[in-house]
Every structure is written in structure tokens, then in C-alpha cells.
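The values are calculated or read from the model by the stated rules, or taken from the named source; none is laboratory data. What you are looking at is a predicted structure, and each value in this text was computed from that prediction instead of being measured. All Cβ positions, glycine included, derive from the backbone under ideal geometry; neighbour counts span all protein chains shown.
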Amino acid sequence: MAQATTGQAPGVRVDGLTVVYKTPAGELPAVRDVSLTLEPGSITGIVGESGSGKSTLALSLLNAVQPPGRISAGSVEIDGLGDVVGFEGERLRKARGAHIGYVFQAAQNSLNPLKTVGKQLLDLGRSHGVEDRRGLLREAQELLGRMGLDGARVLDSYQHELSGGMRQRVGIMLALVLNAQVVVLDEPTTALDMITQANILKIVREVHAERGLTTLVITHDIGVVAEVADRLAVMYGGRLVEQGPTRQVLGDPRHPYTKGLIKAIPRLVGDIDQARALPGRPPTLATVPKAGCVFRERCALRMDICDTDDPAAVAHGPRIVACHAVKVKEHA
Amino acid sequence: MTLIARRLAGHLARGFVMILVVATISFFIVNNIPGDPMAARFEKLVEGGMSPEAAAQAVKVLYGFQPDTSLWQQYLDYMAGLLRLDLGESITRPGTPVLDVLAEKTKWTVLPVLAGTLLSFLVGIILGVYAAIKRKGKLGDLLAISGSLLHGIPQYVLAMLLVVIFATLIPILPADGPVDILFEPGLNAGYLGSLAEHAVLPVVTYALSAYGGWILAMKSSVVTVLGDDFILASELRGMKRSIVFRYIARNAILPLFTILALSLGLLLGGAVFIEKIFNYPGLGLLLIDSVNERDYATMSGAFLLITVAIIIANIVADLFYTVIDPRVRSGEEAA
């Protein structure tokens with residue numbers, strides 16, 4: 001295993017990505033015309049509610065959208081690898097794990113319950129033609145030790161012998177052990193207690209910096225992205241409604257949905273009633289409007305044009321916002 | 001491994017107590033069945049045209065004794081004999097130990113039922129995996145339906161159907177007992193060949209009527225495992241298809257081993273219809289006959305054999321689980 005050095009992190013460019021799911025009512029888009037750039041060596045966070053399409057977007061990075069879904073348009077360009085949307089068969093399989101690591105939600109059981117972690121690690125090595133099995137085990141132990149675990153013990157354990165936080169670290173180890181440079185973390189801290197959450201986020205940040213990774217974190221928890229992400233993208237109804245540097249987006253949200261989200265966060269000090277829940281509920285696959293803005297039903301700034309035209313994603317400096325109201329305000 | 005040894009010791013102790021309890025219960029039930037063996041034989045002879053006097057005389061000669069001890073004393077004798085593995089003598093076969101009768105009959109039950117169970121298990125799980133993978137297609141449905149359908153046909157109807165087709169209309173297979181009497185019993189090609197040839201129809205009957213259950217069980221088990229997160233996780237880690245397939249298979253087959261072990265325990269209960277139709281002098285027929293003839297000793301012996309088989313099967317299933325499922329193993333350690 002070649003040791004990772006900073007500076008060689010690949011960039012990822014998602015362009016015009018649309019993912020549709022086949023339903024009795026026809027093919028419905030879960031992700032529509034999403035463009036997103038992950039700068040080399042950066043941590044990008046995607047926030048959104050359940051059903052906003054963020055997990056589907058994450059799976060698209062590995063061209064792993066599960067049937068009945070499929071990528072119907074767009075590309076996912078990864079430096080040094082190419083457009084993974086065109087990959088299939090062995091080529092796709094080898095890209096997964098070796099180039100792109102995927103870390104499952106901690107609450108999910110991402111390990112075979114009948115095999116020890118070490119045996120599954122060796123299966124992984126065999127799948128990717130790793131000849132140096134000792135080296136692989138050593139690398140895994142080092143990674144686990146780096147994350148504060150007793151590597152030898154963990155490799156000798158079954159899934160049910162590990163706690164949620166330990167499983168999550170094992171998941172991160174398995175995503176990185178083959179030296180993948182692009183890492184996708186899907187809800188990395190969901191279902192973990194607060195202290196373990198903080199630990200995992202610290203580990204994500206540190207390992208990211210040490211190994212020179214390009215990282216994407218999917219979450220519904222704005223606190224998580226505030227903690228780790230350089231850039232933040234807000235997803236709603238299968239669309240990216242706003243993206244930009246984390247501090248700017250959180251400190252000065254432009255899109256009415258982002259504003260609503262931030263207003264909904266209860267403050268540690270002050271009156272709990274100051275937190276305002278967004279009225280209405282997010283659209284489902286079937287209720288996402290076919291034309292016009294996906295957020296208009298819950299939007300205070302709704303205009304006539306919102307019913308007919310889908311707002312284009314427009315760059316405002318380092319920010320990208322897709323909202324007619326914002327555009328109007330800028331011009332006014 | 002001390003854990004397995006400890007578990008085994010516990011199981012054996014419990015099993016031993018269970019056997020004693022079942023032996024006691026079956027002894028008293030069997031001995032309280034209305035009628036007695038001599039009356040049964042007497043009636044049979046009278047029905048056969050013998051005069052009542054002659055019949056009474058014949059019965060007396062045949063059995064030659066009248067039990068004169070109390071039931072309680074008989075029970076103690078029976079249990080004492082049991083501890084020495086002495087099940088007494090068959091009443092309708094004077095002079096023959098029950099153990100010998102059981103041993104003689106057991107092989108004609110084990111042969112077709114064991115082969116049938118294993119064959120149906122094998123066919124069932126393989127087709128079950130296929131039915132799970134192709135569950136959206138027509139072939140997957142067809143497999144599941146065929147299993148349910150054959151499962152729904154009574155075993156004796158299926159058996160007679162096969163006899164009519166393969167032994168009568170197209171006489172290519174024998175259906176007249178377990179083996180051709182021409183051959184000398186032993187490990188010679190002729191005898192074994194004849195054994196196998198005669199076993200084809202009963203084994204196929206048994207397998208056909210049983211494989212549907214295995215298909216459905218395996219199919220649902222595989223579908224459950226396919227939806228498990230770790231399968232998708234393995235794919236996202238770029239695991240080879242063959243390795244992912246092994247993960248699926250091993251996890252899916254786990255619950256089926258329990259059912260298999262338990263059904264092997266029931267095996268000695270015999271398959272009465274199959275034994276009857278294919279003329280296999282097995283345990284199922286023995287049990288029916290001994291009930292009709294009020295042969296207490298044989299009845300008790302047969303019941304006991306079935307009990308012991310089921311208890312052993314349970315123990316084997318549990319120990320097997322300890323070996324193949326790490327979660328069961330550590331559950332014990334924690335307890």
C-alpha cells in the first residue's frame with residue numbers, strides 16, 4: 001500500500017445528474033439536474049431532509065443507484081478515473097473500494113454477521129487482488145489504532161461484539177484500507193450518542209487531512225456539516241437549492257429553504273419558541289412538482305414565475321443559489 | 001472446545017430426564033389402551049373362521065403366559081430393563097427382542113426417508129436461491145408454485161400416481177418392496193444395485209412432496225438476506241460477486257439447518273403411506289401393526305425410538321448452531 005500524501009487528492013465533478021425511480025406512475029426523478037464540484041482535498045457536506053435525494057446522490061458517486069432507480073442523465077467525473085456513470089461490470093467493481101470508499105450509516109449493519117472483521121478484510125483484499133495480505137492487515141491495524149481502537153482485537157471480532165461507534169470506525173477503515181482517495185460518508189453519526197458523534201467527526205476531519213482525501217458527507221444534521229465541511233450544499237426535493245462555503249451559507253443563507261432550516265434550529269440559550277419549524281412537509285417522489293420550483297409550496301417568497309419555471313442555479317461569487325426571488329433581489 | 005462440551009453435557013442430562021418421562025407416560029398410555037393382545041389375536045382367528053374354542057386354545061399356545069404382576073411392578077421392570085437397553089420381547093413375535101425388531105425395521109425407514117429428505121433439501125435450497133434471485137420473473141413464480149402444488153397433493157396420491165406411471169404404464173421401475181429377493185444381502189453390486197433401483201420411486205415421492213417447503217423457506221430467507229445492509233455494503237466495497245454470493249448463501253441457509261435437523265428427528269416416525277404403497281417393512285408400518293395387535297412392548301419401543309431420535313436431533317441442531325453462528329456462541333458466554 002503506497003502511503004497517501006496530500007496534494008494528490010482527486011477532484012470530483014457531478015454535472016447535470018438526474019436519477020429516476022421507476023414507479024407505477026412512471027419514472028419519477030429523485031435527483032434532478034444536480035451539478036456539484038468536490039474540490040480536491042475538500043470536505044463537502046450535503047444536508048437535506050429524508051427523501052430529499054441526498055442518499056441517492058451519494059450512491060450515484062459509485063454508480064450504485066439500486067433498482068428500480070437508474071441514472072438517466074449527467075456525469076460523475078472523478079480525476080484519474082473518468083466518468084463512473086459509464087462504468088460497468090468488473091471496471092465498476094474495481095473502482096468501488098479501491099478508488100471510492102463508501103461508509104454506511106452507523107446504525108446499519110454493514111458487516112457480515114457470520115465472519116470476523118479480519119476475515120472480511122481479507123475477502124476485500126482478495127476481491128481487489130491485494131497480494132500482500134500481511135501488509136493489508138498491518139494497514140488496517142494502523143488505521144484502527146489511529147482511530148483509537150485496539151486493531152488486533154477488532155480484527156478478531158464479530159460485528160455483534162462491537163459497539164455502534166466501533167462499527168462506524170471499522171466502516172471507515174474498510175473504506176480507506178485500499179487507499180481510496182474519494183470517500184463518501186452517508187449519515188456517519190446518525191444513531192450514535194453525542195460523545196461518540198464528536199469523536200467520529202474528529203476522526204473524519206483528521207483522517208481526511210492526513211491521507212489527503214476528497215470527502216463527501218451526507219447528513220440531515222446541520223451541526224455535523226458545520227463541524228466538518230468546507231463547503232455545504234443544501235438539497236431539497238431532488239434539487240440542490242444552495243451551495244457555497246459552509247460559513248457563508250450558515251451565516252448568511254440566501255435561499256428561503258436554507259433560511260427556514262437555520263431558523264428551525266433551537267438555540268442553546270434563549271427562548272425555545274424562537275425556533276420556527278418550516279410550515280408544510282417536504283415533497284415525496286410522487287408529489288415533487290413536474291414544473292416550477294420544488295420549494296414553492298412552502299415558500300414565503302412565492303411568485304408567479306415559481307409555478308412555471310424551475311429556477312436555474314446561479315453563481316453569486318462562491319455561492320450558487322437556485323431561486324427566482326434571490327435573483328430578483330440581486331437585480332433590484 | 002469446552003463451551004461445546006459444557007453445552008453437550010447439559011443437553012444430555014436434560015435429554016436423559018426427558019426420555020425417562022416420555023417412557024413413563026407412553027408405558028402407562030400404551031398399557032391402558034382398551035383391549036389386550038390376546039383378545040386381539042383371538043378375534044383375528046375367529047374372524048378367520050376358527051371356532052371360538054379352537055381359537056382360545058391357539059392363543060393360549062401362542063402366548064403361553066398370563067401377566068400376573070401388578071402394572072406398577074411391570075412398570076418398574078420395564079424401566080429397569082430400559083436402563084440396560086432391554087426393551088423386552090415382542091408380544092406378537094414371541095422370543096424376539098423388541099430392540100432386534102426395531103433395528104430390522106429401522107433400515108427400511110431410514111433408507112427412503114433419509115434419502116428423500118436430503119434430496120428434497122438439496123433440490124429445495126438450490127431452487128430456492130434461484131427463485132429468490134428471479135423472484136420478479138415467471139420462472140421464479142413457477143418454481144414456488146410447483147412446490148406448493150406438489151406439497152398440497154397428499155403423499156399417498158402422489159405415490160400411487162408414480163406407481164401407476166412408472167411401474168405399471170411404463171414399467172421401468174420396481175415398486176414391490178425394498179429389494180429384489182434374488183440377491184444375497186451384503187455388500188455386493190447386485191444387492192446394492194437392486195436396493196438403489198427399488199429406492200428410486202419412494203425417494204422421489206418423498207422428495208417431490210417435501211421440496212416445496214424447502215423452496216419457499218429458502219426463497220424467503222434469501223430475499224431477507226438480499227435486503228440486508230451488509231450485502232449492499234459488500235457490493236459498494238467492490239467485493240467479488242462470488243464472495244458476495246457466499247455471504248448471501250451462508251446467512252440464508254442458517255435458519256434452514258434447524259428445520260432440517262428437526263425433520264431428520266421426525267424421520268424415524270416413518271412415512272406410513274410410502275412404506276405401505278412401496279412395500280417397505282419400515283417403522284411406520286410396524287407402529288401401525290403393533291397398535292392393531294396391542295403389542296405393548298413393540299409399541300412402547302417404537303415410541304421411545306421416535307422420542308430419542310427427536311431429542312438427539314434437537315441437541316444436534318443446537319450444538320450445530322453453536323458451531324456455525326458466532327452470535328449464538330457469544331450469547332452463551334455472556335450468559
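Scanning region A:113-135 for residues that are more than 7 Å from chain B (Cβ to nearest Cβ), aliphatic (A, V, I, L, M) and not in a loop (DSSP other than H, G, I, E, B) returns A:V117, A:L121, A:L122.
Within region B:107-153, count every residue that is within 26 Å of B:V225 (Cβ to Cβ), at pLDDT 85 or above and either in contact with a Lys or Arg (Cβ under 6 Å, 6 or more places away or on another chain) or aromatic (F, W, Y) (or both). So the count comes out to 5. Among the residues of region A:151-189, those identified as small (G, A, S) and under 30 Å from A:D79 (Cβ atoms) are A:G171, A:A175, A:A180. For region B:224-240, taking the residues that are more than 8 Å from chain A (Cβ to nearest Cβ) and outside any loop (DSSP other than H, G, I, E, B), the one that is surrounded by the fewest Cβ atoms within 10 Å (Cβ to Cβ) is identified as B:T224. Somewhere in region B:253-275, is a residue touching a residue at least 60 places away in the same chain (Cβ under 8 Å) and over 20 Å from the mean Cα position of the chain (by Cα)? Taking every residue of region B:253-275 in turn, at least one turns out to be touching a residue at least 60 places away in the same chain (Cβ under 8 Å) and over 20 Å from the mean Cα position of the chain (by Cα). Only one of the numbered conditions (1) within 14 Å of another protein chain (Cβ to nearest Cβ); (2) of a type in the set (A, V, I, L, M); (3) farther than 23 Å from A:P283 by Cα is not met by A:V65, and that is (3). Of the residues B:M18, B:M50, the single one that is surrounded by 10 or more Cβ atoms within 10 Å (Cβ to Cβ), farther than 25 Å from B:V316 by Cα and hydrophobic (A, V, I, L, M, F, W, C) is B:M50.
Among the residues of region B:257-271, which ones are surrounded by 18 or more Cβ atoms within 10 Å (Cβ to Cβ), outside any loop (DSSP other than H, G, I, E, B) and hydrophobic (A, V, I, L, M, F, W, C)? Matches in region B:257-271: B:L260, B:A261, B:L264, B:L267, B:L268. The set of residues in region A:235-247 that are surrounded by fewer than 24 Cβ atoms within 10 Å (Cβ to Cβ) and not in a strand (DSSP E or B) comprises A:T246, A:R247.
Residues of region B:132-153 that are free of Cβ contacts under 8 Å to residues at least 40 places away in the same chain and in a loop (DSSP other than H, G, I, E, B): B:K134, B:K136, B:G137. Restricting attention to region A:211-224, the residues that are surrounded by fewer than 22 Cβ atoms within 10 Å (Cβ to Cβ) and aliphatic (A, V, I, L, M) add up to 1.
The requirement of being in contact (Cβ under 8 Å) with a residue 24 or more places away in the chain, of a type in the set (D, E), more than 17 Å from A:V288 (Cβ to Cβ) and more than 9 Å from chain B (Cβ to nearest Cβ) is fulfilled somewhere in region A:77-84, by at least one residue.
Only one entry of B:G186, B:G212, B:G227 meets the criterion of being at pLDDT below 90 and on the phi > 0 side of the Ramachandran plot, and that entry is B:G186. Assess whether A:D271 counts as being of a type outside the set (S, T, Y), touching a residue at least 60 places away in the same chain (Cβ under 8 Å) and surrounded by fewer than 23 Cβ atoms within 10 Å (Cβ to Cβ). In short, no. If you go through region A:225-234 and keep only what is in a helix (DSSP H, G or I) and surrounded by fewer than 18 Cβ atoms within 10 Å (Cβ to Cβ), you end up with just A:A226. Among what's in region A:151-174 and is touching a strand residue (DSSP E or B) at 6+ places or on another chain (Cβ under 9 Å) and not small (G, A, S), pick the residue that is nearest to the other protein chains (Cβ to nearest Cβ). Ranking the candidates gives A:L174 first.
As for region A:97-112, it holds at least one residue that is at positive phi, part of a helix (DSSP H, G or I) and not aromatic (F, W, Y).
Per-residue answers, yes or no, for (1) closer than 28 Å to A:M166 by Cβ; (2) touching a strand residue (DSSP E or B) at 6+ places or on another chain (Cβ under 6 Å):
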site	(1), (2)
A:T18	no, yes
A:D33	no, yes
A:E39	no, no
A:G51	no, no
A:L62	yes, yes
A:L81	no, no
A:L92	no, no
A:G101	yes, yes
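Residue-wise test of (1) among the aliphatic types (A, V, I, L, M); (2) within 18 Å of A:T44 (Cβ to Cβ); (3) outside any helix (DSSP H, G or I).
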| residue | (1), (2), (3) |
| --- | --- |
| A:V184 | yes, yes, yes |
| A:T196 | no, no, no |
| A:N199 | no, no, no |
| A:V204 | yes, yes, no |
| A:T215 | no, yes, yes |
| A:G223 | no, yes, no |
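Tell me the residue from B:L62, B:L87 that is among the hydrophobic types (A, V, I, L, M, F, W, C), at pLDDT below 85 and touching a strand residue (DSSP E or B) at 6+ places or on another chain (Cβ under 9 Å), please. Being among the hydrophobic types (A, V, I, L, M, F, W, C), at pLDDT below 85 and touching a strand residue (DSSP E or B) at 6+ places or on another chain (Cβ under 9 Å) holds for just one of B:L62, B:L87, which is B:L87.
Residue by residue through region B:241-253, note down the ones that are closer than 19 Å to A:L59 by Cβ and either buried (at least 19 other Cβ atoms within 10 Å of the Cβ) or aromatic (F, W, Y) (or both). B:V244 - this is the single residue of region B:241-253 that is closer than 19 Å to A:L59 by Cβ and either buried (at least 19 other Cβ atoms within 10 Å of the Cβ) or aromatic (F, W, Y) (or both). Please determine, by comparing only the residues of region A:188-203 that are out of contact with any Asp or Glu (no Cβ under 8 Å at 6 or more places or on another chain) and either basic (K, R) or surrounded by 23 or more Cβ atoms within 10 Å (Cβ to Cβ) (or both), which one is farthest from A:S55 (Cα to Cα). Checked region A:188-203; the qualifying residue farthest from A:S55 (Cα to Cα) is A:K202.
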